[in-house]
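Quick note: the coordinates plus some simple rules give every number you see, no bench work behind them. Since this is a predicted model, take the numbers as computed values, not measurements. No Cβ is skipped: glycine too gets one built from the backbone with ideal geometry, and neighbour counts run over all protein chains shown.
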Amino acid sequence: MAKKSSPRIYGVLGYPVKHSFSPVMHNAAFSALKINAEYRLFEVKPEELDDFLNSFSKENICGLNVTIPYKEKVIPFLDTLSDEARLIGAVNTIRVSQDRLEGFNTDGEGFLKHLHKDLMFNAQGKVIAIIGAGGASRAVSVYLSKTKPKKLAIYDIDKAKTSALVGHLKENFKDIEFIQASSIEELKVQESNLLVNATPMGMKETDTCLVDGDFIHNNLLVYDLIYNPQETKLLKMAKEKGARISNGLGMLLYQGMLSFEIWTGKNAPQEIMWRALQGELKRCHMQ
Ligand code: NAP
């Protein structure tokens, strides 16, 4: 009898990662396309990151997603970086190719695909406000800047991060007015067409809503990168005030599809992956 070959291993590297929806999404895709592969969680403590990344290929890993807090920290371990990952300054996808580690970033493109294809929102010429200047915000703001908005304002609790990101955007994108806001009020949400929450504020029940309801209006799309809970306090409030809303499940889907295609070279099965994500969300809410 022929010996069954061992599966190709993929996974998500982060700390913590137990909450990740990526395993159900990718394992559903592997199974639908009859690819002998398995997607796992790699929860690696910060003090073990060097060892993990250095002994990588020995574990037969063919590809990884990278999440909080390692999207920037993995870069020195990689042999190549895609243009997108270099421009964003963060990596969310690693492909192992003949022992070489190649870094990509699919977060920005995933976000923009959801915005364009599903939400029919064209950011060209628009006024945009973003809360957060971390890894996800870097990806989202770079991709939004590629679409030539009129104005893009960013606020983060950490002034140095806001300043670094706004400086980076100014250097790379001309003809866009970038604002380094030092408070939520300075974001001028009331004058914006798109508000993005790119902070983890809203994931916990006890988190407060970062934006005052008086700033929300019915010509605004409020996009929260958080997808669990499905509706954060920000989204609930914005819906009540008549704004359009979206959580980040669509972004998760598209960034995952792009990673899948980088690893396998095959078209990702969108419907299968989407159903897997929705099933996981339902499962979380029943617990
Ligand atoms: P991150 O690198 O930690 O960045 C978050 C930033 O928000 C940090 O600079 C943080 O500052 C700042 N922040 C925290 N609380 C704040 C507040 N009250 N006001 C203003 N700024 C605040 O995290 P990330 O990787 O960018 O992820 C951000 C969120 O996006 C997370 O919820 C993540 O799950 C989500 N995400 C979703 C997707 C998707 O596919 N839907 C993809 C990527 C990320 P400090 O560091 O000083 O706290």
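With the biggest extent put first, the Cα atoms of the stretch 134-287 measure 41, 37, 28 Å across the principal axes. So the label point goes 7 Å from the Cα of K148 along Cα→C-beta, right? Which residues of the stretch 160-183 then have their backbone N under 20 Å from it? Correct set: 169-179.
Only beta bridges with both residues in the chain are counted; by DSSP, about 20 percent of them are antiparallel. Principal-axis analysis of the Cα atoms of the chain puts helix 159-172 at an angle of about 80° to the longest axis. Estimated at 0.36 nm per residue, the fully extended path between N172 and M120 surpasses their Cα-Cα distance by 16.1 nm.
Size of the dipole of the stretch 231-287 about the Cα centre, Lys and Arg at +1 and Asp and Glu at -1 on the beta carbon, nothing else charged, in debye to 20?
Numbers: 9 positive and 5 negative charges, 55 e Å.
My answer is approximately 260 debye.
Shown here is the pair-distance distribution of the chain: with all Cα-Cα distances grouped in 5 Å bins from zero up to the longest one, the shares run 1, 5, 12, 16, 18, 16, 13, 9, 5, 2, 1, 0, 0, 0 percent.
Across the stretch 90-196, C-alpha contacts under 8 Å between residues 6 or more apart give a mean separation that, scaled by the residue count, equals a relative contact order of 26 percent.
Taking 24 Å as the limit for the C-alpha separation, the pairs K126/K146; K146/K282; K150/K188; K117/K150 exceed it in the case of K146/K282. Taken along its principal axes, the alpha carbon cloud of the stretch 64-193 reaches lengths of 51, 33, 24 Å, longest axis first. Relative to the longest principal axis of the Cα atoms of the chain, the long axis of helix 22-32 makes an angle of roughly 50 degrees.
Among 61-68, 202-209, how do they line up by average Cβ neighbours within 10 Å per residue, starting with the highest?
Working: 61-68: 22.0, 202-209: 12.5.
Highest-to-lowest ranking by the protection proxy: 61-68, 202-209.
The dipole here belongs to the chain: it is taken about the Cα centre, uses +1 on the Cβ of Lys and Arg and -1 on the Cβ of Asp and Glu, and is about 780 debye.
For the stretch 156-270, the relative contact order is 18 percent, taking Cα pairs closer than 8 Å that sit 6 or more residues apart in sequence and dividing their mean separation by the residue count. Mean silhouette area of the stretch 1-100, derived from the convex hull of its C-alpha atoms and averaged over all directions, reads 7.5 nm². With R₀ set to 35 Å, the beta-carbon distance separating S55 from L33 gives a calculated FRET efficiency near 0.75. Once the Cα atoms are used to define both axes, helix 249-264 deviates from the longest principal axis of the chain by about 30 degrees.
Treating r as the C-beta distance of C209 and K73 and R0 as 25 Å, the FRET efficiency rounds to 0.20. Sorting I176, I128, I157 from the fewest to the most surrounding beta carbons within 10 angstrom yields I157, I176, I128.
How much of the DSSP beta bridge set in the stretch 1-141 is antiparallel, as a percent to the nearest 5?
Numbers: 8 of 22 bridges.
Here the antiparallel bridges make up roughly 35 percent for the stretch 1-141.
Looking at this model, which pairs from K170/K266; K45/K239; K71/K159; K45/K161; K45/K241; K34/K71 are more than 32 angstrom apart at the alpha-carbon?
Working: K170/K266 36 Å; K45/K239 38 Å; K71/K159 20 Å; K45/K161 24 Å; K45/K241 42 Å; K34/K71 30 Å.
Beyond 32 Å: K170/K266; K45/K239; K45/K241.
Cβ crowding within 10 Å ranks R95, R86, R100 as R100, R86, R95, fewest other Cβ atoms first.
Ordering 137-150, 254-267 by mean Cβ neighbour count within 10 Å, with the highest value first, yields 137-150, 254-267. Dipole size of the stretch 30-85 about its Cα centre, with +1 on Lys/Arg Cβ and -1 on Asp/Glu Cβ: approximately 260 debye, rounded to the nearest 20. Contact order for the stretch 1-159, expressed relative to its length and based on alpha carbon pairs under 8 Å spaced 6+ residues apart, stands at 18 percent.
Fully extending the segment from Q230 to K266, taken as 0.36 nm per residue of separation minus the present Cα-Cα distance, adds 10.0 nm.
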